[in-house]
Amino acid sequence: MNVMFSCTIVLLTTVIMTVASIQIKEGIKKETLERVKSNLILAYRYIDEKYKGNWMLKDGMIYKGETQINGDNQLVDEIGKMIGGTVTIFQNDTRVATNIILHGQRAIGTTAPKPVVNKVLKEGGTFFREVEILGEWYQAAYMPIKSHNGEIIGMFYVGIPQKHVNTVVSSLFRMLLLSAVAVLAIAASVTVWFTRHIRVRLDAVSKALQQAGEGDFTVTLNDGARDEIGQIVESYNKMRDNLSELLARVTAASEQVAAAAEELTASAEQTVLSTEQVSAGIQEVANRADIQSSKTDATAASMEQMAKGVASIVDRSTAIADLSVHMIAQAEDGGKSVEKTVEQMNAIQQSVLQSEKVIRSLQERSKEIESIVNIINQIAEQTNLLALNAAIEAARAGEHGAGFAVVADEVRKLAEQSQESTKQIAHLIARIQQDIENTAQIMGDVIQNVQSGMNTSQETSQKFHVILKNTKTISAQLEDVSASVQQLSAGIQELDSTITELAATAEKTMETSKEMAASAEEQVASMEEITSSAQSLANLSETLQEIAQTFHIVPKEASRFKQS
């Protein structure tokens, strides 16, 4: 799970970095091209101001007014230094003045690319795009040079090498990459710590439930948290206390049932002995009538005592059955706590939706970066205009160029605005990094919910299944005890009826001696049935005690129950 989460974070970060890199690169390219357009206009105006007159062809050379442009490298060097790029003046499609270096020399005599020639010389339009010039790529701007009668006699070019753009993009990308690595490292550390903390708590709960499934309820869990795991711990402790109390009651009740069964067996044996004596006395009915009456009274008293014992057993069996129902209810309540853990899985969907919102937010931030870049372009254009004006003023005034100070001040102000826009770009990049951090935190919630939901649902469900199974076994044993008690009650009623008949026939002992013998035989059979039922009750009581002993409860709680 941790590996999957880490891969997801790395993949998401890679996608974000790729999108951001592409958008930044395209934005800078666009800004550079706009700058080149502005430089083209400014440089052309500069030439108009420096060399008065029209463009013309004379003696196979291109002129600006009275100045020959062919080989005027000083002009292109001044303009190139002013705009920070390359400058070329073409006569038709051939370079006649340029600061582009080819094989260590100026590229004089080389021709312009065919797409530029078609667009500028043949169609009379302007050309603004990335173009390959003498083996290198440039962000280029071309415009036609026209004579006084509108004839196209050449081209004017300014450009910026693409490698400069790539250098800026690489610098920004390295900054983003370092930030992403730092965010990934922090996210990984937090995830590992949090996962280990959850695993320790779940291991404690799992161990306690496993011991409970084996009948050991002596373990006490201590967890002060208020989350779902804390609720499971609280439910387990509550279930353990209730089961301990119930098992203590079952043990006490089974001991009482065993004692009552022993008393019942003793009474039954005593009754059988008395009945045998009655059978022997039938031979001397006339002489032993008083003795028989006395024995009958003793038997009636024993039956009354036996009936009380059976009634006590019935009451305790009912109480045990009620406790069994209560124990099953407690186990079902524990099962409901397990169902709560399923709700954690729903939180995963919410976390994923939040992640999607964060990614969309990053896209919006990229659009804002593009807007700020446009502002920088406008400021750069104004800065170049002011710089040109300042240069013109200085050239005109010579040593008395007082206007240069005013223009220079405006240039400074515009430069400050450019710096402010740059700060805004840095601020937006920081916000992108913050969104990345938010995405990592949301994914941390995902792994938490998945880890908690899966472990809790699987392990807790298995443990409660074992508990419910044992509880149902106890309930079945209690039903058997109840059935045996009912049989015992029926036998006592039958025996009571027989003794009543025996008392009634005692007055006619002489006449009904044969009937008394038959009744005595029936009484012996009934006593044997009572003895058998009492033995069954004793066996069931022992079985119930053995089942109760399979559970290990807290001794302190058990002793407290017995005292109460």
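What distance in nm lies between label points placed 7 Å from Cα along the C-beta direction at Ala394 and Ala430?
Here the answer is 3.6 nm between the modelled labels.
What's the exposure ranking of Asp297, Asp241, going from fewest to most Cβ atoms within 10 Å?
Asp297, Asp241
Roughly speaking, what is the stretch gain from Ala483 to Glu214, that is 0.36 nm per residue apart minus the C-alpha to C-alpha distance, in nm to one decimal?
94.0 nm
Once phi is turned into ³J(HN,Hα) by the Karplus curve 6.51 cos²θ - 1.76 cosθ + 1.60 with θ = phi - 60°, what whole-Hz value does each residue of the range 130-142 show in order, with x for glycine and proline?
6, 9, 8, 10, 6, x, 10, 9, 9, 8, 10, 9, 10
For the range 32-42, just list the computed ³J(HN,Hα) in residue order, Karplus coefficients 6.51, -1.76 and 1.60, θ = phi - 60°, integers in Hz, with x standing in for Gly and Pro.
5, 5, 5, 5, 5, 4, 4, 4, 4, 5, 4
Give me, ordered by chain and number, the residues 5 or more places off Ile153 or on other chains with an amide H under 5 Å from its own placed amide H.
Ile145, Lys146, Ser147
Extending each Cα 7 Å along its Cβ direction at Asn54 and Glu522, get the distance between those two points in nm, one decimal.
That separation, rounded to one decimal, is 15.2 nm.
Just grab the label-to-label distance for Ala225 and Val325, each label 7 Å out from Cα along the Cβ direction, in nm (one decimal).
For the pair Ala225/Val325, the computed spacing is 3.8 nm.
What is the extension gain from Thr543 to Thr67, computed as 0.36 nm multiplied by their sequence separation minus the C-alpha to C-alpha distance, in nm to one decimal?
So the extension gain works out to 159.0 nm.
Return the FRET efficiency for the residue pair Ala204, Ile101: r is the Cβ-Cβ distance, R0 is 60 Å, and the value is rounded to the nearest 0.05.
According to the calculation, E is roughly 0.20.
Order of Thr110, Thr383 from fewest to most other C-beta atoms within 10 Å?
The fewest-first ordering by Cβ neighbours comes to Thr110, Thr383.
Grab the other residues whose beta carbon is less than 14 angstrom from that of Gln451, score K and R as +1, D and E as -1, and report the net.
Within the 14 Å Cβ shell, the charges total -2.
Considering amide H positions built from the backbone, and no H for Pro or chain starts, which residues 5 or more places from Glu130, or on another chain, come under 5 Å of its amide H?
For Glu130, the qualifying residues are Ala140.
If R₀ is 60 angstrom, what is the calculated FRET efficiency for the pair Glu255 and Gln354, using the beta carbon separation as r and rounding to 0.05?
After rounding to 0.05, the efficiency reads 0.50.
Using modelled amide H (1.01 Å from N, peptide plane; none on Pro or chain starts), what sits under 5 Å from the amide H of His552, excluding residues fewer than 5 places away?
Asp216, Phe217
Would you order Trp193, Trp55, Trp137 from fewest to most other beta-carbon atoms within 10 Å of each residue's own beta-carbon?
Trp193, Trp137, Trp55
Given 0.36 nm per residue, what is the gain on full extension from Ser361 to Arg45 after removing their alpha carbon distance, in nm?
Separation in residues times 0.36 nm, less the Cα-Cα distance, equals 109.4 nm.
Throughout, read-outs are computed from the coordinates displayed, never taken from laboratory work. Just so it is clear, the structure is predicted and the values come from calculations on it, not from any experiment. Don't worry about glycine lacking a Cβ; one is built from the backbone with ideal geometry, like all the others, and counts go over all protein chains shown.
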